[in-house]
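Dumping the structure here so I can ask a few things about it.
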Amino acid sequence: MSASLIFFIILAYFALLMVISRLTSRHNKANSFFDGDKSSPWFLVAFGMIGSGISAVSLVSIPGNVGNNNLFYFQFILGTIVGYLFIAFMLTPIYYKLKLVSIYTYLNIRFGNVTYKTGSLFFLVSQSFGAALRLLLSIKILQYAFFDSLHIPYFLTIIIVLILIWLYTNKSGIKTIVWTDALQSLFLITVMIVSIITIKNSLGLSVGGMVSTIVHHPYAKLFEWDVHSGSNFFKQFISGLLITVALVGLDQSMMQKTLTINNVKGAKRNVLAFSFFIAGAQTLFLGLGVLLYIFVERHGIKLVRADGQIVNTDGLYPFLTLHYFGQVGAIAFFIGVIASTFASIDACIAALTTAFSYDFMDIENQPVEQRKKIKNRVLLGVNVVMFLIVMAFWSSQGAIINTIFKIAGYTYGPILGLYLTGLFSKIQLNEKFVPLACVGAALVTWGLNVFFISEFQFDFGFMNILVNAVLTILFLVLIKKKSYAAA
């Protein structure tokens, strides 16, 4: 692709986002950035959340990881569906009943201010790293595919992307993001379909032949029953359930869009519709992954391996797209990366801004003019933090989706433990020990995982979120107030 074509695509795409931003910000209110004026159609939110849920990480990591982990991620997908049911029928009604903007305000209502701040702080840390790692992969793809040839340094690419996101989200925040994410979800699905058709045609397969080839390929293994494996069915299924509850139901960036819907009935519909949208999209990505490796085999492409594992699986899809799928495939992939980058990062930045503004800056009790200043300062700070994390992790290798879920297991585990304790018990906590209990649970989980791998060759895998949440609950029970212990 020529530099002029790349520039035109970026300019046209960004211009479209700015048009949407202008249209959605015409009747802004004081709280539009945070709650979207509670006017979003549920089906639009559900469709738009595909882009946030997929991201560039899923775009390249899920297909690429098939080479090392077969289709075992499907076990995780099955667990996510159950997780969405819990979110729709358990968490969403509570958020609406309490009229929350920051969902971590629930912890303040249920336990108190220290627990509230602790839960929000764990979210801020986890979301900052998760969003930054997703941005990292997107920038690496853009850099490798296009900007290196233009001699643009990667730190400048990071700054450019963050500035572009700021320009179209600064005024209306989540109100704009609901609409731009829907557009970006459409682009992502189109990219996936174009890629599958391109590979199908290059292999000379009919639709039926393609499905049959995928199903009978050695990588097309859906279930892993080895209890020692991190990909064991029960570990993956339970992890899918818990990580979905934590990373969606207890995640400000995902639930903030749901809370822009004006009633709980529409919000439930949104969560249920999104669960099937995202499960279907991720399953197609797995099928795309098998196709990519079939393409590699048919064309005799050599992949670098170390210790029996394929190295840099995240680079496979971009490599094939740029060198084998022609200009249409390359353009489609480029648009997909841009769409997934903006769709997954803009909501995270808005959520981090919302959580910090509400949970630590008490923005809802400030005058309107002061709110605007606080929001702008926090938004700038969030962007600086994102930039620094991406720079720090720039040299990382491997499937970033695994890194994100591992970090989530340690940071969202305590949040999950706090919410489960609040929802399913009546205990009150000696709050000064809550931060210690949450940090201690994460550290003990890490230590146990290292010990089990060393002594029993047993990897918790994504199950560390369950271990972490259970330990958090146990530690919280130990620090409950004695009046409740006596009762």
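The values are calculated or read from the model by the stated rules, or taken from the named source; none is laboratory data. Keep in mind that what you see is a predicted model, and the values were worked out from it rather than measured. Heads up, the Cβs are rebuilt from the backbone with ideal geometry, glycines too, and the neighbour counts pull from every protein chain shown. To get the accessible areas, we keep the full protein, side chains included, count just its heavy atoms, and leave off ligands, DNA and RNA. Shrake-Rupley method; radii C 1.70, N 1.55, O 1.52, S 1.80 Å.
Taking the conditions exactly as written (open to solvent by less than 10 Å² (accessible area, probe 1.4 Å), among the hydrophobic types (A, V, I, L, M, F, W, C) and at pLDDT 75 or above), does ILE9 satisfy them or not? Working first, answer last.
On the way: open to solvent by less than 10 Å² (accessible area, probe 1.4 Å): no; among the hydrophobic types (A, V, I, L, M, F, W, C): yes; at pLDDT 75 or above: yes.
No: the conditions fail for ILE9.
Tell me, which residue of segment 241-278 that is among the small types (Gly, Ala, Ser) and surrounded by 23 or more Cβ atoms within 10 Å (Cβ to Cβ) is nearest to the chain's Cα centre (by Cα)? So that I can check it myself, show each step before the final result.
Taking segment 241-278 and keeping what is among the small types (Gly, Ala, Ser), we get 246, 249, 253, 266-267, 273, 275.
Now drop any that are not surrounded by 23 or more Cβ atoms within 10 Å (Cβ to Cβ), which leaves 246, 249, 253, 267, 275.
Working: ALA246: 11, GLY249: 12, SER253: 9, ALA267: 19, SER275: 14 Å.
Only one residue fits best here, namely SER253.
Select, from LEU423, LEU448, LEU436, LEU474, the only residue that is at pLDDT 90 or above, open to solvent by less than 50 Å² (accessible area, probe 1.4 Å) and in a helix (DSSP H, G or I).
Details: LEU448 fails: open to solvent by less than 50 Å² (accessible area, probe 1.4 Å); LEU436 fails: open to solvent by less than 50 Å² (accessible area, probe 1.4 Å); LEU474 fails: open to solvent by less than 50 Å² (accessible area, probe 1.4 Å).
Criteria check complete, one pass: LEU423.
If ASP314 meets every condition in (1) closer than 24 Å to VAL45 by Cα; (2) surrounded by 18 or more Cβ atoms within 10 Å (Cβ to Cβ); (3) not hydrophobic (A, V, I, L, M, F, W, C) apart from one, which number is that one?
Among (1) closer than 24 Å to VAL45 by Cα; (2) surrounded by 18 or more Cβ atoms within 10 Å (Cβ to Cβ); (3) not hydrophobic (A, V, I, L, M, F, W, C), ASP314 violates only (1).
Further question: Here is a list of conditions, (1) out of contact with any Gly (no Cβ under 7 Å at 6 or more places or on another chain); (2) crowded, with 22+ Cβ neighbours inside 10 Å; (3) not charged (D, E, K, R), and TRP225 meets all of them except one; can you say which number that is?
Answer for TRP225: the failing condition is (2).
Which one of these is open to solvent by 10 Å² or more (accessible area, probe 1.4 Å), assigned to a helix (DSSP H, G or I) and not charged (D, E, K, R): PHE334, PHE387, PHE295?
Details: PHE334 fails: open to solvent by 10 Å² or more (accessible area, probe 1.4 Å); PHE295 fails: open to solvent by 10 Å² or more (accessible area, probe 1.4 Å).
Only one candidate passes the filter, namely PHE387.
Being under 20 Å from the mean Cα position of the chain (by Cα), among the basic types (Lys, Arg) and open to solvent by 20 Å² or more (accessible area, probe 1.4 Å), is that true of even one residue in segment 399-416?
Applying the first criterion (under 20 Å from the mean Cα position of the chain (by Cα)) to segment 399-416 yields 399-416.
So of that shortlist, the ones also among the basic types (Lys, Arg) come out as 406.
Still in the running and open to solvent by 20 Å² or more (accessible area, probe 1.4 Å): 406.
Within segment 399-416, one or more residues are under 20 Å from the mean Cα position of the chain (by Cα), among the basic types (Lys, Arg) and open to solvent by 20 Å² or more (accessible area, probe 1.4 Å).
Mind telling me which of the residues ILE94, ILE103, ILE109 ends up being within 30 Å of ILE374 (Cα to Cα), at pLDDT 90 or above, open to solvent by less than 50 Å² (accessible area, probe 1.4 Å) and not acidic (Asp, Glu)? Quick ask: steps written out before the conclusion?
Values: ILE103 fails: at pLDDT 90 or above; ILE109 fails: open to solvent by less than 50 Å² (accessible area, probe 1.4 Å).
None of the others qualify; the one that does is ILE94.
Now for a separate question. Considering only segment 185-222, how many residues are farther than 25 Å from ILE50 by Cα and either part of a loop (DSSP other than H, G, I, E, B) or touching a Pro at 6+ places or on another chain (Cβ under 7 Å) (or both)?
Of the residues in segment 185-222, 9 are farther than 25 Å from ILE50 by Cα and either part of a loop (DSSP other than H, G, I, E, B) or touching a Pro at 6+ places or on another chain (Cβ under 7 Å) (or both).
Quick one: PHE277 ticks every box in (1) outside any helix (DSSP H, G or I); (2) touching a helix residue (DSSP H, G or I) at 6+ places or on another chain (Cβ under 7 Å) except a single one, so which number is it?
In the conditions (1) outside any helix (DSSP H, G or I); (2) touching a helix residue (DSSP H, G or I) at 6+ places or on another chain (Cβ under 7 Å), PHE277 misses (1) alone.
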